[in-house]
Amino acid sequence: MRDEPAVSWPMRAVAILALVILLLPVVIVVLAGLNAGEYLTFPPKGLSLRWVIAFLSSPTFMGAYLYSFVLALVATLISTVLGTLAAVYLSRSRSRAAAILRGFFMLPVVLPGVVLGLALYVFYVTTDIGLARSFPGLLIGHVLVTFPFVIATVTASMVGFDLSLEEAARSLGASPLTAFMKITLRLIAPGISAGAIFAFIVSFGQFETTLFLTVPNHEPLPMAMYISLRYKFEPTAAAAGIFAIALVALSTVVSARLVSLRRVFRA
Amino acid sequence: MSDIRLVNLTKSYGEGNAVSDVDLAIEEGEFFSLLGPSGCGKSTTLRMIAGFVRPTSGRILIGGDDITALPPERRDIGIVFQNYAIFPHMNVAENIAFGLKLRKLPKAEIARRIEDSLRQVGLSGYETRYQRQLSGGEQQRVALARVLVTEPRILLLDEPLSALDKGLREEMKFWIKDLQKKLKITTIYVTHDQDEALTMSDRIGVMAKSRIVQVGTPQEIYERPKTLFVTSFIGHSNVVDVAVRRVADGMAVVALGGSELASRAGAGLAEGAAAKLVVRPENILIGTALREGDARLPATVVSETYQGAIVRYRLAVGDQEIVAERQNQAHVERFAPGTAVTIGWAPDWSETLLA
Ligand SMILES: Nc1ncnc2c1ncn2[C@@H]1O[C@H](COP(=O)(O)OP(=O)(O)OP(=O)(O)O)[C@@H](O)[C@H]1O
Ligand SMILES: [Mg+2]
């Protein structure tokens, strides 16, 4: 194990403050979801599991939760594979085209989600290729939004990657594919895992782009929460938020464990 | 057969050549060094042989087979990189097993070979260590074991000692040479260190600016450098301006400081040409040390520097300076600064080259 680097007290204070500010909304949502009152209020009027149970027994919310989960899973799978391949290519190519491509791939991060959603929607409708308000159409949107995160993390893990490792494998008899799978892929696995976590979290919480692409009567969780709040100001949405936060936290912890387990294994 | 032929091998990277027209024949079992300054194209040549760089033109033959178009994994050539390239996610045994598993050898055979090869490189008991638990020298032995265990036809080494400290470098120099001799594996060794090349090689190819400028045994390279570049790159030499008087039978008579001296004549030397006389400090004799038939000329001692095993003299000859090194032994005469002396050398141990 590496020693913790020394961090000065002022830095620690700033870090703790930042953490508190970042976690505050999470705390508010959790408390609001545990509200005992009729309406979504803060501070809550007493604590109870009333709305948690309401969420668990609501077919709309549970369906949306499951739908978002599957959508995020599939989108993550696709963008992890595509993003990894793209990042490996981009970090090895010295051509001008690669630099331009990199910028192009990262575009969805800087482009407002609303603009991307609208653009896709207009494209689907005008070309009439059957993607408008369909699962594949929505999935494409989510892949576009999530795969820059995979590219970013995998590219970071490729920095300083020693190409002679792959060459050594080649001259020992490995085909290009074998060398890539047994050497490169194994060494950039932490970057890939990190990218996959990001992709999952981003897809699970994606709202703006989703807005234009959802299949009627199959709303992902963020949409379902929004719609529910527009009609009744009930804490069920906040209870759903608790489960969304729990899933994201769980996936982060699990993946971090997987990655560091591999590190431990190596030691 | 595993002799290597490079036929007009050339690699250009847009602006200029990294390797130009390299033509070489390396014999089976030979230890051949490519020696040259940084950027002269040694690594590029080696990487073309290994298959990582596609030649712009020319051919590579091993044992008569043209392998120019083969991918690295089908060349049966082992390479050890300067940074050793030990796979960091595998332990020593797994590193060594890598090539064997790809060859689909039975498990027991792989285990046996790992054990043998670790014994061969003196690392028995290191099986479960990882790269970051190994010193530079140990990593290098693992890299060698990993390559040799697959029994390649050719071994390529790209500056394998340059990352080690001086003491270890000396030790590994002899260790690698002994191992190569024992295995009789055709080896190409890339280095910019003349000591390594002179100590280890059967033959040396000296490279400069993308070309091979001279090929020969260490003795030929050291004693009979063909160009001023080789002269200046290998060891230290006196290089002084002379006027060529006569050239005949491979010998030249040149004028230096009012004296006429005989020396070997380099290629293309003709009467009246601008030329440089090359003679190594250790071959210069002073006073009574001179023998019958030596080239002689008068000189003045400028300074005397005591260096323990040797004594170093700076000598003025006309308006030029020559450095002489004498062994500091019993009965060897010493000369104080200001003394007028006769210096000289055996004509065969000096050479006049075109400037
Ligand atoms: N991929 C490349 N693209 C462009 N130029 C290259 C490339 N590889 C090598 N070169 C150039 O070719 C020349 C020879 O390089 P090479 O690596 O063969 O030199 P070297 O003799 O091994 O030097 P060193 O002792 O520093 O390792 C250098 O001028 C180098 O800049
Ligand atoms: Mg090199």
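Brief remarks on what is shown
- Of all residues in segment B:82-97, one or more are over 22 Å from B:Arg153 (Cβ atoms), of a type in the set (Asp, Glu) and either in contact with a Phe, Trp or Tyr (Cβ under 9 Å, 6 or more places away or on another chain) or surrounded by 19 or more Cβ atoms within 10 Å (Cβ to Cβ) (or both).
- Of all residues in segment B:178-217, those that are away from ligand 1 (no atom under 16 Å from the Cβ), among the charged types (D, E, K, R) and crowded, with 18+ Cβ neighbours inside 10 Å total 1.
- Subset of segment A:153-200 (residues that are at the interface with another protein chain (Cβ under 7 Å from one of its Cβ atoms) and within 24 Å of A:Ala75 (Cα to Cα)): A:Arg186, A:Leu187
- In segment B:163-189, the residues that are within 14 Å of another protein chain (Cβ to nearest Cβ) and under 17 Å from the mean Cα position of the chain (by Cα): B:Ile188
- Taken over segment B:220-245, residues that are assigned to a helix (DSSP H, G or I) and under 14 Å from B:Asn283 (Cβ atoms) amount to 3.
- The residues listed here are B:Val92, B:Val80; of these, the one that is more than 12 Å from ligand 1 (Cβ to nearest atom), within 14 Å of another protein chain (Cβ to nearest Cβ) and touching a strand residue (DSSP E or B) at 6+ places or on another chain (Cβ under 7 Å) is B:Val80.
- Subset of segment B:291-315 (residues that are loosely packed, with under 15 Cβ neighbours inside 10 Å and small (Gly, Ala, Ser)): B:Gly293, B:Ser303, B:Gly308, B:Ala309
- B:Glu282 in a loop (DSSP other than H, G, I, E, B) and either under 30 Å from B:Val332 (Cα atoms) or more than 28 Å from the chain's Cα centre (by Cα) (or both): no
- Positions within segment B:17-55 being basic (Lys, Arg) and either within 14 Å of another protein chain (Cβ to nearest Cβ) or surrounded by fewer than 20 Cβ atoms within 10 Å (Cβ to Cβ) (or both), in sequence order: B:Arg47, B:Arg54
- Members of segment B:8-41 that are more than 11 Å from ligand 1 (Cβ to nearest atom) and either charged (D, E, K, R) or not assigned by TED's automatic domain parsing to the domain that holds B:Thr186 (or both): B:Asp21, B:Asp23, B:Glu27, B:Glu28, B:Glu30
Every residue, every condition in (1) surrounded by fewer than 23 Cβ atoms within 10 Å (Cβ to Cβ); (2) away from chain A (no Cβ under 13 Å); (3) closer than 11 Å to B:Gln82 by Cα; (4) within 16 Å of ligand 1 (Cβ to nearest atom), yes or no:
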{"site": "B:Glu127", "(1), (2), (3), (4)": "yes, yes, no, no"}
{"site": "B:Tyr130", "(1), (2), (3), (4)": "yes, no, no, no"}
{"site": "B:Gly137", "(1), (2), (3), (4)": "yes, yes, no, no"}
{"site": "B:Ala143", "(1), (2), (3), (4)": "no, no, yes, no"}
{"site": "B:Val147", "(1), (2), (3), (4)": "no, no, no, no"}
{"site": "B:Asp158", "(1), (2), (3), (4)": "yes, no, yes, yes"}
{"site": "B:Leu161", "(1), (2), (3), (4)": "no, yes, yes, yes"}
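- Complete set of residues in segment B:180-210 that are assigned to a strand (DSSP E or B) and either touching a helix residue (DSSP H, G or I) at 6+ places or on another chain (Cβ under 7 Å) or more than 16 Å from ligand 2 (Cβ to nearest atom) (or both): B:Thr186, B:Thr187, B:Ile188, B:Tyr189, B:Val190, B:Thr191, B:Arg203, B:Ile204, B:Val206, B:Met207, B:Ala208
The values are calculated or read from the model by the stated rules, or taken from the named source; none is laboratory data. None of these values were measured; they are calculated from a predicted model. Neighbour counts run over all protein chains shown; Cβ positions are idealised from the backbone, glycine included.
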